[in-house]
1. Taking into account only those residues within the stretch 252-265 that are open to solvent by 20 Å² or more (accessible area, probe 1.4 Å) and assigned to a loop (DSSP other than H, G, I, E, B), which is farthest from Gly198 (Cα to Cα)?
2. Only one of Ala101, Ala121, Ala82, Ala105 is at pLDDT 90 or above, open to solvent by less than 90 Å² (accessible area, probe 1.4 Å), part of a helix (DSSP H, G or I) and closer than 30 Å to Asp152 by Cβ; which?
3. Quick one: Ala69 ticks every box in (1) open to solvent by 100 Å² or more (accessible area, probe 1.4 Å); (2) at pLDDT below 95; (3) of a type in the set (A, V, I, L, M, F, W, C) bar one, so which box is it?
4. From the set of residues in the stretch 174-195 that are open to solvent by 10 Å² or more (accessible area, probe 1.4 Å), in contact with a strand residue (DSSP E or B) (Cβ under 9 Å, 6 or more places away or on another chain) and not basic (Lys, Arg), which is nearest to Ile259 (Cα to Cα)?
5. Pairs needed: first member in the stretch 136-157, free of Cβ contacts under 8 Å to residues at least 12 places away in the same chain and β-branched (Val, Ile, Thr); second member anywhere, surrounded by 10 or more Cβ atoms within 10 Å (Cβ to Cβ) and assigned to a helix (DSSP H, G or I); C-beta distance under 7 Å; at least 6 residues apart or different chains.
6. Which one is most open to solvent (accessible area, probe 1.4 Å) among residues in the stretch 163-173 that are in contact with a helix residue (DSSP H, G or I) (Cβ under 9 Å, 6 or more places away or on another chain) and outside any helix (DSSP H, G or I)?
7. Would you check if there is a residue in the stretch 152-162 being open to solvent by 40 Å² or more (accessible area, probe 1.4 Å), at pLDDT below 90, touching a helix residue (DSSP H, G or I) at 6+ places or on another chain (Cβ under 7 Å) and not in a loop (DSSP other than H, G, I, E, B)?
8. Please go through the stretch 196-218 and pick out each residue that is open to solvent by less than 70 Å² (accessible area, probe 1.4 Å), more than 17 Å from Arg185 (Cβ to Cβ) and part of a strand (DSSP E or B).
Amino acid sequence: MRAAIALTTVCLAAVLTGPTFANEANPPEGASEVVPDEISSRTYWLRKREGWFWYQDPPVPRVRKAPPARPSRRPELIEFEAMQKQLEDLKRIAVMNPTDAHLMAYMRYQRFVMEKSELFAKRWQRLVWTVPELDYGLTGRPTNAMAIGVFDEAQRDRQAQTLRSLAATHGLLFIFRSDCPFCHRFAPIVKRFEQEFGMTVFAVSLDGRGLPEYPSPQPDNGIAARLNASVVPALYLTAPTKRDIRPVGFGVMAMNELIERIATMTKDTTGNPPEPTWERP
């Protein structure tokens, strides 16, 4: 009798506790889910291998870096780009659909842009008048008709002095052919240059015959091929002490052009003009 009562008690306990475990495994709809931290706190006694003094560091929060700030742009640049875009858009609309309204809109806005350009040019000119170092007419070749003659005369004097000094260390190599009409036209100019500035001219004939100004030239010994002188007349500036030969030009050149070329070549020995400089305001 007692055994039957005990068995009945065990079965009843199993029936009463069974749904509880089932509900924990599959919680009913709408019930709150168990958070992993709560599960971990409830089952700490099951993790006996971790020991009594196990400690886990909390996750390090990630710090999001703020995006770099864009450099602020001047409002003038923004307005200028907007003006360019507006003018271009109106132009394209007028080209694709040339109605009177579209053409009028483009022409009016173009007039607005031209007026701003005119204002810029006027203020530019006024500033140049008050700042001499910005006036190219004072630092370079003048634009005034009366000043041009004075400038050219002073420049010719400087060039003549330079060429006379250059004649002590340099010479000219004149390559020609006796049957070339351009050589006959250029030879008197070379002879006049030689007499005026005292620079020695070494005449070389490709066919061995001379010209009236240079009746006894040196025959070509292959120097024309080495210098790639495929066109005559050809003129070279030579520095015998430095064994340096640089071309002055090919074909017929006027006296003024010849003087200017040789004088310019002597200003910069590297052959490159100096780089312009600019100071940020």
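The values are calculated or read from the model by the stated rules, or taken from the named source; none is laboratory data. The structure presented is a predicted model; accordingly, all values stated were derived computationally and were not measured. FYI the Cβ positions are ideal-geometry reconstructions off the backbone, even for glycines, and counts take in every protein chain you see. The protein model used for the area step is the full one, side chains on, heavy atoms only, and it has no ligands, DNA or RNA in it. Shrake-Rupley method; radii C 1.70, N 1.55, O 1.52, S 1.80 Å.
1. Val252
2. Ala121
3. The single condition Ala69 does not satisfy is (1).
4. Glu194
5. Thr143/Gly137
6. So, considering only residues that are in contact with a helix residue (DSSP H, G or I) (Cβ under 9 Å, 6 or more places away or on another chain) and outside any helix (DSSP H, G or I), the one most open to solvent (accessible area, probe 1.4 Å) is His170.
7. yes
8. Correct list: Val204 only.
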